[in-house]
1. Calculate, for Glu95 and Ser19, the FRET efficiency according to 1/(1 + (r/R0)^6) with r their C-beta to C-beta distance and R0 41 Å; round to the nearest 0.05.
2. Carbon and sulfur: what percent of the chain's accessible surface (1.4 Å probe)?
3. Quickly rank 296-306, 139-149 as a protection proxy: mean count of other C-beta atoms within 10 Å, highest first.
4. How large are Rg and Dmax for the chain when only the alpha carbon atoms are used, in Å?
5. Given a 1.4 angstrom probe, what's the average accessible area per residue across region 259-331, in square angstrom?
6. Using +1 on the beta carbon of Lys and Arg, -1 on that of Asp and Glu, and nothing else charged, what's the dipole of the chain about the Cα centre, debye to 20?
7. Pick from Arg11, Arg48, Arg125: which is most flexible by mean-square fluctuation in a GNM of the chain where alpha carbon atoms under 10 Å apart are linked?
8. Could you rank the peptides 244-254, 260-270, 309-319 by their average count of other C-beta atoms within 10 Å per residue, with the highest value first?
Amino acid sequence: MITDIFERSKRVIPGGVNSPVRAFRSVGGTPYFVSSAKGSKITDISGREYIDYVCSWGPMILGHAEESVISAIKSAADKGTSYGAPTVAEVELAELITEFIPSAESVRMVSSGTEAVMSAIRLARAYTSRDMFIKFEGCYHGHSDALLVKAGSGLLTFGTPSSPGVPADTTKNTLVASYNDLASVKKLFQEYPKKIACVIVEPVAANMGVVLPKDGFLQGLREICDKEGALLIFDEIITGFRLAKGGAQEFFDVVPDITALGKIVGGGLPVGAYAGSKKIMNLISPEGPVYQAGTLSGNPLAMAAGIATLKKLKEKDFYKKLNTASEALFDGMLENGRALGYNFTLNHIGSLGSLFFTEKDVVGYESAVISDTAKYARFFHLMLDKAIAFAPAQFEAIFVSSAHSEADIENTLKAHYICLRNL
Ligand code: KE4
């Protein structure tokens with residue numbers, strides 16, 4: 001049944017999926033097709049239920065089909081779905097974002113994280129009248145051309161396209177530094193003085209697996225950008241509203257100039273956003289000359305889902321409970337490893353973590369990519385066979401939601417122990 005639908009899908013959708021990671025290419029096998037989801041569980045079209053740690057790659061921090069979110073979407077839908085005119089809901093969500101996110105004095109909604117980052121970089125370039133920008137190897141910021149780069153060879157400091165269809169011309173202004181390595185950032189500013197508009201970073205990297213910032217790394221980036229007249233952009237599309245109400249910038253007390261948001265801010269519907277001081281954001285059209293637009297930006301259903309979601313995050317002890325459950329999971333996995341004498345690396349912070357099959361610390365791209373991805377693939381399928389859905393790729397993250405119960409965590413740890421033993 002599942003194979004049939006996957007073959008049918010491949011006849012009309014490239015690879016049978018609308019986003020590559022869903023195709024199970026790095027773990028092998030046929031992806032489950034989801035028919036429904038509720039709380040911490042997803043159910044596939046064969047009726048099989050799994051405890052879900054993909055959580056739609058981050059948005060579902062409340063779990064699936066949370067009743068206040070669903071009811072908000074339903075009541076918004078009863079009034080229509082899109083107007084192409086301003087609505088009160090957009091103001092309400094913008095007010096919540098500016099209340100939560102320390103760097104956000106003004107915010108523009110878009111429809112994806114990719115759009116948020118693309119627009120944030122355009123804004124930084126306009127604000128500084130500089131063209132170059134720095135990203136970090138192993139960090140992912142969506143699929144806009146200038147960001148689809150991989151580190152050039154040792155001699156090259158600028159990125160080379162990581163995908164066909166991206167002209168080298170488009171990436172010649174993209175510089176690539178090493179995560180957690182401030183010297184690599186300083187070197188680029190020395191090589192290109194007064195030419196670098198911004199530094200964009202995932203304050204906790206989660207696209208090479210989860211890699212935590214070393215003490216002083218984020219503060220160091222803040223200081224370098226201040227000294228060099230460049231803007232600091234935090235891509236908080238994963239960390240935003242997850243590490244804390246105010247995201248990583250609240251958690252680490254380092255405030256960027258511009259923040260890119262997505263995922264949780266839409267409560268599972270398509271919302272991206274970018275935010276910063278009014279001084280910076282007022283450069284954006286129609287207030288200023290920097291053009292950016294979107295037919296479905298601020299879509300009323302997406303706004304309703306986002307508002308309902310962020311309101312739940314304000315509930316007393318939300319993060320305390322979420323992080324307690326998450327720590328029980330991550331600490332339990334480490335305990336399993338110790339009990340079995342099985343070494344792996346587990347990076348985790350709050351409700352975000354990644355398990356790497358390597359015995360070395362994973363502190364950046366180089367140390368992440370040496371992980372045994374074949375072993376991860378076997379682990380993934382052993383866990384899936386026990387109805388636990390982890391990310392179908394080594395270099396993604398485990399996302400815990402407030403819907404994951406003690407029983408879910410216990411069942412996951414039992415499965416994890418058995419899978420490690422049989423790996
Ligand atoms: P979207 O355009 O997919 O909404 O956001 C792009 C993006 C930007 N920045 C960060 C830090 C991100 O993690 C993402 C998207 N994350 C991936 C998973 N790591 C989304 C899953 C997918 O591509 O299907």
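1. Details: r = 31 Å, r/R0 = 0.75.
The pair Glu95/Ser19 has a calculated efficiency of 0.85.
2. Its accessible area is 53 percent carbon and sulfur atoms.
3. Going by the mean number of other Cβ atoms within 10 Å, highest first, we get 296-306, 139-149.
4. Here Rg and the maximum Cα pair distance are 21.1, 61 Å.
5. On the way: 3010 Å² over 73 residues.
It amounts to 41 Å² per residue over region 259-331.
6. Roughly 580 debye, rounded to the nearest 20.
7. Arg11
8. 260-270, 244-254, 309-319
The values are calculated or read from the model by the stated rules, or taken from the named source; none is laboratory data. Computed from a predicted model, the values in this text were never measured in an experiment. As a convention, Cβ positions derive from the backbone with ideal geometry for all residues, glycine included, and neighbour counts pool all protein chains shown. Surface areas here come from the heavy atoms of the whole protein model, side chains and all, with no ligands, DNA or RNA. Shrake-Rupley method; radii C 1.70, N 1.55, O 1.52, S 1.80 Å.
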